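See structure below.
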Number of protein chains: 4
Amino acid sequence: MAGIGNATMYRVAGIVGSLRAGSYNRALFRAAVSALPSRLQIVEAPILDVPLFNQDVEDAGDPEAVAGLRQAISGADGVLIFCPEYNAGIPGVLKNALDWASRMHNGQRVLWDKPVGIMGASDGRFGTTRSQMAMRSLLPQLGMRLMPTPAVMIAQVEELVDDDGNLSDEKTRERIREHLEAFHHWIDVFARAERDRES
Amino acid sequence: MAGIGNATMYRVAGIVGSLRAGSYNRALFRAAVSALPSRLQIVEAPILDVPLFNQDVEDAGDPEAVAGLRQAISGADGVLIFCPEYNAGIPGVLKNALDWASRMHNGQRVLWDKPVGIMGASDGRFGTTRSQMAMRSLLPQLGMRLMPTPAVMIAQVEELVDDDGNLSDEKTRERIREHLEAFHHWIDVFARAERDRES
Amino acid sequence: MAGIGNATMYRVAGIVGSLRAGSYNRALFRAAVSALPSRLQIVEAPILDVPLFNQDVEDAGDPEAVAGLRQAISGADGVLIFCPEYNAGIPGVLKNALDWASRMHNGQRVLWDKPVGIMGASDGRFGTTRSQMAMRSLLPQLGMRLMPTPAVMIAQVEELVDDDGNLSDEKTRERIREHLEAFHHWIDVFARAERDRES
Amino acid sequence: MAGIGNATMYRVAGIVGSLRAGSYNRALFRAAVSALPSRLQIVEAPILDVPLFNQDVEDAGDPEAVAGLRQAISGADGVLIFCPEYNAGIPGVLKNALDWASRMHNGQRVLWDKPVGIMGASDGRFGTTRSQMAMRSLLPQLGMRLMPTPAVMIAQVEELVDDDGNLSDEKTRERIREHLEAFHHWIDVFARAERDRES
């Protein structure tokens with residue numbers, strides 16, 4: 001983080017929980033990037049090459065993709081999860097990435113105490129409401145500080161993307177923007193308390 | 001709230017999620033009262049006489065016990081839930097009280113934006129881990145700001161209470177004290193940001 | 001149960017999880033009654049007067065309404081739950097009734113080994129998907145044999161009821177009928193195995 | 001399946017939800033193999049080489065390990081899941097395998113209508129109670145017929161394995177045996193109804 005007064009700039013690590021190239025939650029990530037408030041930066045914490053969790057592999061040393069994921073999270077002031085829904089729950093792919101990231105490494109847990117927000121998009125009428133519910137139960141378990149509202153649960157997203165696969169729908173973009181503004185405030189609340197304590 | 005500098009005093013509404021007189025979670029509440037940091041006050045938000053939720057009853061005007069619950073929460077800076085586990089989940093009794101308290105009333109939701117912490121005690125080996133998990137998924141839904149850690153999940157509590165039904169075990173009291181200290185800090189983080197914004 | 005060959009008649013206890021008179025899930029119950037296959041009977045297991053669970057009260061002897069609930073379930077071959085959604089979860093009112101019914105009484109648990117199905121209706125777009133998910137996690141905990149499909153999750157139910165508050169929509173009635181047919185089969189599978197074992 | 005009268009033989013696909021070689025849930029699987037009732041066979045449905053789910057990969061044709069998983073399940077009369085707990089929930093690794101297996105393939109869903117049981121072991125005091133709870137909510141979503149009881153949730157498993165990493169504790173083996181006996185009965189109930197219907 002860096003900045004003066006209210007204009008503190010924060011960096012956010014974005015985790016996109018689906019691997020397919022044309023993923024709706026990747027479109028949601030892109031929409032967040034393009035709707036970003038001026039005092040937020042967002043970088044992707046990529047999970048594409050993170051292998052299936054295996055403690056034997058971990059014991060042999062972090063795979064490169066895991067080290068990258070860890071570093072992206074560690075260097076960020078908050079985490080935004082772009083959360084699909086598979087079988088009414090968290091995609092295995094996404095839970096697997098969090099299983100890696102949650103592990104103690106060099107005496108540190110990179111997720112611990114991190115502010116976190118969730119957005120999600122799905123076709124169908126439920127808009128990831130069930131995977132977000134599961135996510136809400138998981139994240140505090142990892143020591144994360146979960147922003148409770150405003151929710152972004154985009155249903156029937158296939159009707160909201162344009163021909164290029166972008167979420168161009170203005171109402172949706174407005175909700176994303178509100179979420180990001182609120183998330184800046186959510187990060188700021190904790191960062192401010194931290195600065196006060198140190199000064 | 002009232003106070004000077006770091007010594008800001010906060011008031012907490014405690015909800016005890018079990019009705020029986022000898023409830024272990026009531027013992028936990030009493031232990032919290034007796035282990036309270038000097039800058040916290042705690043008052044019980046009683047649910048004993050809160051009736052089963054029924055919208056017809058609500059439409060006819062809040063029953064007295066509901067008005068009392070609402071007022072106790074509304075006047076507090078944070079909520080602490082002493083959460084039993086019934087059938088691996090949140091007791092119906094406790095969920096029912098939250099169902100009432102969550103309702104819009106005179107344009108306000110008393111739970112919204114409130115800092116909230118959870119402690120729980122049970123006999124058996126699980127120590128309310130499952131009801132606390134369900135609670136973690138519920139509270140952000142109500143707009144509450146959930147403190148993720150430290151967890152207080154007291155298993156086999158029947159071995160930890162003394163002849164008077166009090167939780168006199170020193171290790172347990174220490175964990176409760178840590179939770180309360182952390183909860184003071186959790187409330188303070190949001191209150192401080194609020195004060196900054198207003199000034 | 002009573003019957004000849006495939007035409008075995010089964011009795012079902014219906015639990016309506018909301019207390020208000022105009023409840024959508026009561027409308028769903030009435031729709032089930034009117035769409036009932038000829039080999040099913042359904043009687044309501046009423047929860048309106050079931051008090052908040054309190055072990056002190058239980059120790060003093062079952063309240064009348066609890067005895068009635070227990071008896072209705074005990075005398076049935078299966079249980080159908082008409083499940084609303086409050087705050088993204090099981091209504092406290094309904095969980096409270098199950099908390100009572102789950103208790104060991106005279107050496108018996110009336111819910112144990114009972115076939116069970118779930119239907120739900122709500123306004124809004126989610127159609128009780130989240131409370132049904134919570135219910136699915138709860139019922140096996142109570143020893144119940146949960147029919148996995150077909151799901152009945154009726155969203156925006158306010159558009160489907162007629163002026164008398166009845167669910168007259170034909171498509172919806174068809175889904176209810178399918179659920180009931182499947183539930184007859186679900187009960188029959190276990191009853192048949194029981195008869196084989198005894199013979 | 002094959003057999004005469006009560007002695008019908010059923011085949012079970014076992015899914016071990018953890019990849020490390022010394023996994024406690026693999027030990028549990030081995031214990032199940034060695035405690036198997038004479039009328040059950042068990043074969044592992046291996047997930048070690050199942051890649052992270054990616055619809056682009058699926059569209060290009062099932063990877064070999066996925067085809068193998070599907071085939072092992074498809075050829076079985078029931079599925080037993082040996083379910084670890086990661087971060088208070090289902091391991092990403094295991095959810096990922098189920099995400100693959102749940103997909104429609106050549107007009108079929110191999111998990112649909114399959115009887116399923118869950119066992120789990122963990123160090124710590126909770127014995128996978130939370131991941132089993134999440135699993136119970138997931139499996140009916142996949143159309144599976146979940147055996148509700150008896151639960152096998154082995155806590156502090158590290159104290160129950162011998163020097164060779166085997167679950168030699170007799171009490172534990174007895175609980176596993178009971179689960180397997182009950183699972184044979186659970187499969188048989190549905191298979192019997194199916195045979196009746198066909199005859």
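No value in this document is a laboratory result; all are computed from the given coordinates. Please read these numbers as outputs of a predicted model, since none were measured by experiment. Methodologically, a virtual Cβ is constructed for each residue, glycine included, from the backbone with ideal geometry; neighbour enumeration extends over all protein chains shown.
Taking every alpha-carbon pair under 8 Å whose residues sit at least 6 apart, chain A reaches a relative contact order of 23 percent.
Only helices enter this figure: runs of n ≥ 4 DSSP H residues, each worth -39500 (n - 2.57), summed and divided by the residues of chain B, yield -12000 deg cm²/dmol at 222 nm to the nearest 500.
Toward the positive end of the charge dipole of region D:153-199, with +1 on the Cβ of Lys and Arg and -1 on the Cβ of Asp and Glu, the farthest Cα among D:PHE190, D:ILE154, D:GLY165 is that of D:PHE190.
For region A:148-197 versus region D:136-187, the inter-centroid distance based on Cα atoms is 43 Å. Of A:LYS114/C:LYS95; A:LYS114/D:LYS95; B:LYS114/C:LYS95, which pairs sit farther than 29 Å apart, going by alpha carbon to alpha carbon? Pairs exceeding 29 Å: A:LYS114/C:LYS95.
Distance from the Cα centroid of region B:70-132 to that of region C:1-70 is 28 Å (rounded to whole angstrom).
For C:GLY14, the residues whose modelled amide H falls within less than 5 Å of its own, excluding neighbours fewer than 5 places apart on the same chain, are C:VAL43, C:GLU44, C:ALA45, C:LEU80.
Listing A:MET135, B:MET9 from fewest to most neighbouring C-beta atoms within 10 Å gives B:MET9, A:MET135. Rounded to the nearest 5, the antiparallel percentage of DSSP beta bridges internal to the protein assembly as shown is 15%. Between copies, the label points of A:ARG197, set 7 Å from Cα on the Cα→Cβ line, lie 2.1, 5.8, 6.0 nm apart, reported in increasing order to one decimal in nanometres.
Taking amide H positions as modeled 1.01 Å from N, with prolines and chain starts lacking one, the residues under 5 Å from B:ILE154 and 5 or more places away or on another chain are B:GLY120, B:ALA121, B:SER122. Under the criterion of Cα pairs below 8 Å and six or more residues apart, the relative contact order for region D:6-61 equals 47 percent.
Extent of the protein assembly as shown along its three principal axes (Cα atoms, max minus min coordinate, largest first): 80, 61, 59 Å. Modelled label positions at D:GLU64 and C:SER38, each set 7 Å beyond Cα in the direction of Cβ, lie 5.8 nm from each other. Cβ crowding within 10 Å, taken as a proxy for footprinting-reagent exposure, orders A:LYS114, D:LYS95 from fewest neighbours to most as A:LYS114, D:LYS95. Here D:GLN156 yields copy-to-copy label distances, from shortest upward, of 0.6, 5.5, 5.6 nm, the label point defined as 7 Å from Cα along Cα to C-beta. Counting charges near D:PRO37 (Lys, Arg +1; Asp, Glu -1) among other residues having Cβ under 12 Å from its Cβ returns a value of -1.
For D:ASP49, A:ASP59, the sequence from fewest to most other C-beta atoms within 10 Å is A:ASP59, D:ASP49.
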